[in-house]
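Participant: Structure incoming, see below.
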Amino acid sequence: METLPEYALPFVGLKDGKHTFVFDIDTTFFNAFEFNEFDQPAVKVKLLFDKKPGLMNLSFTAQGSLGLTCDVSNEIFPYQINTGLDWIVKFGDEYDDDNDEFLILPHGSYQVNVAQPIYEMIVLAVPVKKVHPGVVDGTLDSALLKKLEELQPKEEKLDNNDPRWDKLKDLL
(Lines give C-alpha, C1' and ligand atoms only; values in the text may rest on other atoms or scores of the structure.)
Protein backbone atom coordinates (compact mmCIF):
# COMPACT_ATOMS: atom_id res chain seq x y z
CA MET A 1 0.00 0.00 0.00
CA GLU A 2 1.30 3.41 -0.88
CA THR A 3 0.89 6.23 1.60
CA LEU A 4 -2.00 8.60 1.07
CA PRO A 5 -0.95 11.98 2.48
CA GLU A 6 -4.36 13.57 1.85
CA TYR A 7 -5.81 11.25 4.52
CA ALA A 8 -3.26 12.20 7.18
CA LEU A 9 -5.02 14.53 9.59
CA PRO A 10 -2.75 16.75 11.70
CA PHE A 11 -4.49 17.01 15.05
CA VAL A 12 -1.86 19.03 16.90
CA GLY A 13 -3.18 22.37 15.63
CA LEU A 14 -6.84 21.50 16.22
CA LYS A 15 -8.66 22.83 19.25
CA ASP A 16 -10.49 20.44 21.52
CA GLY A 17 -13.99 19.80 20.27
CA LYS A 18 -15.72 18.49 17.18
CA HIS A 19 -14.41 18.93 13.65
CA THR A 20 -15.82 17.63 10.35
CA PHE A 21 -13.86 16.33 7.39
CA VAL A 22 -15.26 15.09 4.07
CA PHE A 23 -13.48 12.73 1.67
CA ASP A 24 -14.50 11.72 -1.86
CA ILE A 25 -13.48 8.13 -2.47
CA ASP A 26 -12.92 6.96 -6.04
CA THR A 27 -10.82 4.48 -8.01
CA THR A 28 -7.49 6.14 -7.17
CA PHE A 29 -8.11 5.52 -3.47
CA PHE A 30 -8.56 1.78 -4.01
CA ASN A 31 -5.63 1.64 -6.44
CA ALA A 32 -3.38 2.76 -3.58
CA PHE A 33 -4.46 -0.38 -1.72
CA GLU A 34 -4.04 -2.49 -4.90
CA PHE A 35 -7.73 -3.37 -4.66
CA ASN A 36 -9.54 -3.48 -8.00
CA GLU A 37 -12.79 -5.30 -7.24
CA PHE A 38 -14.96 -2.20 -7.61
CA ASP A 39 -15.95 -0.58 -10.89
CA GLN A 40 -16.26 3.21 -10.68
CA PRO A 41 -16.65 3.65 -6.92
CA ALA A 42 -18.20 6.97 -5.88
CA VAL A 43 -18.40 7.19 -2.10
CA LYS A 44 -18.55 10.25 0.12
CA VAL A 45 -17.07 9.71 3.58
CA LYS A 46 -17.90 12.14 6.34
CA LEU A 47 -15.67 12.10 9.41
CA LEU A 48 -16.74 13.65 12.71
CA PHE A 49 -13.48 14.18 14.57
CA ASP A 50 -14.01 14.78 18.30
CA LYS A 51 -10.73 15.82 19.92
CA LYS A 52 -10.46 15.48 23.68
CA PRO A 53 -7.45 15.68 25.98
CA GLY A 54 -5.68 12.31 25.78
CA LEU A 55 -7.87 10.74 23.11
CA MET A 56 -9.86 11.33 19.94
CA ASN A 57 -13.19 9.86 18.84
CA LEU A 58 -13.53 9.43 15.11
CA SER A 59 -16.95 8.65 13.70
CA PHE A 60 -17.03 7.76 9.99
CA THR A 61 -20.12 7.54 7.77
CA ALA A 62 -19.96 6.47 4.13
CA GLN A 63 -22.64 6.84 1.48
CA GLY A 64 -22.40 6.19 -2.23
CA SER A 65 -22.25 3.51 -4.85
CA LEU A 66 -19.83 0.84 -5.94
CA GLY A 67 -19.87 -1.05 -9.21
CA LEU A 68 -19.89 -4.72 -8.24
CA THR A 69 -19.63 -7.79 -10.45
CA CYS A 70 -22.52 -10.21 -9.95
CA ASP A 71 -21.43 -13.67 -8.79
CA VAL A 72 -24.22 -15.31 -10.82
CA SER A 73 -24.42 -13.39 -14.10
CA ASN A 74 -20.99 -11.71 -14.16
CA GLU A 75 -22.77 -8.40 -14.95
CA ILE A 76 -21.63 -5.16 -13.32
CA PHE A 77 -24.31 -3.44 -11.25
CA PRO A 78 -24.39 -0.39 -8.97
CA TYR A 79 -24.51 -1.29 -5.27
CA GLN A 80 -25.53 1.42 -2.80
CA ILE A 81 -23.69 1.52 0.52
CA ASN A 82 -24.59 3.36 3.67
CA THR A 83 -22.30 2.36 6.52
CA GLY A 84 -20.46 3.74 9.51
CA LEU A 85 -17.52 3.11 11.80
CA ASP A 86 -16.51 4.44 15.20
CA TRP A 87 -12.82 4.55 15.97
CA ILE A 88 -10.92 5.73 19.04
CA VAL A 89 -7.37 7.06 18.94
CA LYS A 90 -5.41 6.91 22.20
CA PHE A 91 -1.82 7.70 23.12
CA GLY A 92 0.68 5.22 24.52
CA ASP A 93 4.33 4.20 24.52
CA GLU A 94 4.32 2.65 21.06
CA TYR A 95 2.20 2.35 17.93
CA ASP A 96 -0.44 -0.40 18.16
CA ASP A 97 -3.17 -1.07 15.61
CA ASP A 98 -4.01 -4.66 16.60
CA ASN A 99 -7.51 -3.77 17.77
CA ASP A 100 -10.22 -2.94 15.23
CA GLU A 101 -11.95 -0.41 17.48
CA PHE A 102 -9.04 1.75 18.56
CA LEU A 103 -5.56 2.83 17.58
CA ILE A 104 -2.71 3.66 19.94
CA LEU A 105 -0.31 6.33 18.72
CA PRO A 106 3.03 7.00 20.41
CA HIS A 107 3.28 10.13 22.55
CA GLY A 108 4.52 13.03 20.44
CA SER A 109 2.55 12.04 17.33
CA TYR A 110 1.06 14.95 15.47
CA GLN A 111 -1.17 13.30 12.85
CA VAL A 112 -3.34 10.26 12.23
CA ASN A 113 -3.87 8.64 8.85
CA VAL A 114 -7.51 7.63 8.34
CA ALA A 115 -7.08 5.86 4.97
CA GLN A 116 -6.95 2.34 6.44
CA PRO A 117 -10.19 2.57 8.49
CA ILE A 118 -12.00 4.17 5.52
CA TYR A 119 -10.81 1.35 3.25
CA GLU A 120 -11.84 -1.37 5.73
CA MET A 121 -15.24 0.24 6.38
CA ILE A 122 -16.12 0.34 2.68
CA VAL A 123 -14.80 -3.12 1.83
CA LEU A 124 -16.61 -4.69 4.79
CA ALA A 125 -19.89 -3.05 3.73
CA VAL A 126 -19.97 -5.20 0.58
CA PRO A 127 -21.90 -8.47 0.93
CA VAL A 128 -20.05 -11.76 0.59
CA LYS A 129 -22.36 -12.94 -2.20
CA LYS A 130 -22.95 -10.21 -4.76
CA VAL A 131 -26.15 -10.80 -6.73
CA HIS A 132 -27.51 -8.41 -9.36
CA PRO A 133 -31.00 -7.15 -8.39
CA GLY A 134 -32.22 -8.23 -11.84
CA VAL A 135 -31.29 -11.82 -11.07
CA VAL A 136 -33.31 -11.74 -7.87
CA ASP A 137 -36.48 -10.31 -9.42
CA GLY A 138 -36.05 -12.04 -12.79
CA THR A 139 -35.80 -8.90 -14.93
CA LEU A 140 -32.15 -9.25 -16.02
CA ASP A 141 -31.80 -10.36 -19.63
CA SER A 142 -28.42 -12.03 -19.91
CA ALA A 143 -27.05 -14.69 -22.26
CA LEU A 144 -25.28 -16.30 -19.32
CA LEU A 145 -28.53 -16.62 -17.35
CA LYS A 146 -30.26 -18.16 -20.36
CA LYS A 147 -27.47 -20.71 -20.68
CA LEU A 148 -27.69 -21.51 -16.95
CA GLU A 149 -31.43 -22.12 -17.28
CA GLU A 150 -30.81 -24.32 -20.30
CA LEU A 151 -28.23 -26.42 -18.45
CA GLN A 152 -30.25 -26.67 -15.25
CA PRO A 153 -31.05 -30.31 -14.42
CA LYS A 154 -34.60 -31.34 -15.15
CA GLU A 155 -36.74 -32.45 -12.26
CA GLU A 156 -37.86 -36.02 -12.50
CA LYS A 157 -40.78 -37.30 -10.57
CA LEU A 158 -39.42 -39.91 -8.25
CA ASP A 159 -41.49 -42.91 -7.34
CA ASN A 160 -41.21 -42.96 -3.57
CA ASN A 161 -42.92 -46.32 -3.27
CA ASP A 162 -40.50 -49.11 -2.59
CA PRO A 163 -42.14 -52.50 -3.20
CA ARG A 164 -40.28 -54.02 -0.26
CA TRP A 165 -42.02 -51.61 2.12
CA ASP A 166 -45.39 -52.22 0.47
CA LYS A 167 -45.19 -55.88 1.52
CA LEU A 168 -44.64 -54.80 5.13
CA LYS A 169 -47.65 -52.47 4.94
CA ASP A 170 -49.77 -55.49 3.99
CA LEU A 171 -48.99 -57.00 7.36
CA LEU A 172 -50.88 -54.22 9.11
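The values are calculated or read from the model by the stated rules, or taken from the named source; none is laboratory data. Remember, it's a predicted structure, so these values are computed and weren't measured experimentally. Positions of Cβ are generated from backbone atoms using ideal geometry, with glycine treated the same way; all protein chains shown enter the neighbour counts.
Participant: Report whether or not residue 21 is outside any loop (DSSP other than H, G, I, E, B) and crowded, with 18+ Cβ neighbours inside 10 Å. Spell out how you get there, then give the answer.
Facilitator: Numbers: outside any loop (DSSP other than H, G, I, E, B): yes; crowded, with 18+ Cβ neighbours inside 10 Å: no.
Spelling it out, it is not the case that residue 21 is outside any loop (DSSP other than H, G, I, E, B) and crowded, with 18+ Cβ neighbours inside 10 Å.
Participant: Under the condition of being among the hydroxyl-bearing types (Ser, Thr, Tyr) and assigned to a strand (DSSP E or B), which residue from region 72-98 is nearest to residue 124 (Cα to Cα)? Before the answer, list the steps.
Facilitator: Here is the first cut: in region 72-98, the ones among the hydroxyl-bearing types (Ser, Thr, Tyr) are 73, 79, 83, 95.
Filter once more, keeping what is assigned to a strand (DSSP E or B): 79, 83.
Details: 79: 13, 83: 9 Å.
Looking at the filtered set, the residue picked out is 83.
Participant: For region 111-129, which residues satisfy the criterion of being under 11 Å from the mean Cα position of the chain (by Cα) and of a type in the set (D, E, K, R)?
Facilitator: Of everything in region 111-129, just one residue is under 11 Å from the mean Cα position of the chain (by Cα) and of a type in the set (D, E, K, R), namely 120.
Participant: Sticking with this structure for a sec: Considering region 49-83 alone, what residues qualify as being out of contact with any Lys or Arg (no Cβ under 6 Å at 6 or more places or on another chain), surrounded by 14 or more Cβ atoms within 10 Å (Cβ to Cβ) and more than 21 Å from residue 132 (Cα to Cα)?
Facilitator: If the condition is that a residue be out of contact with any Lys or Arg (no Cβ under 6 Å at 6 or more places or on another chain), surrounded by 14 or more Cβ atoms within 10 Å (Cβ to Cβ) and more than 21 Å from residue 132 (Cα to Cα), then 49, 51, 56, 57, 58, 59, 60, 62 are the ones that fit.
Participant: Could I ask something else about it? Among what's in region 115-172 and is in a helix (DSSP H, G or I) and among the small types (Gly, Ala, Ser), pick the residue that is modelled with the highest pLDDT. If you could, list the steps in order and put the result at the bottom.
Facilitator: Residues of region 115-172 in a helix (DSSP H, G or I): 115-124, 133-137, 143-151, 163-171.
From what is left, the residues that are among the small types (Gly, Ala, Ser) are 115, 134, 143.
On the way: 115: 90, 134: 77, 143: 68.
Applying the filter and picking the extreme gives 115.
Participant: State all residues of region 45-89 that are on the phi > 0 side of the Ramachandran plot and either without any contact (Cβ under 8 Å) to a residue 60 or more places away in the chain or of a type in the set (A, V, I, L, M) (or both); if no residue qualifies, say none.
Facilitator: Initially, region 45-89 is screened for residues on the phi > 0 side of the Ramachandran plot, giving 54, 64, 74.
Across region 45-89, the qualifying residues are 54, 64.
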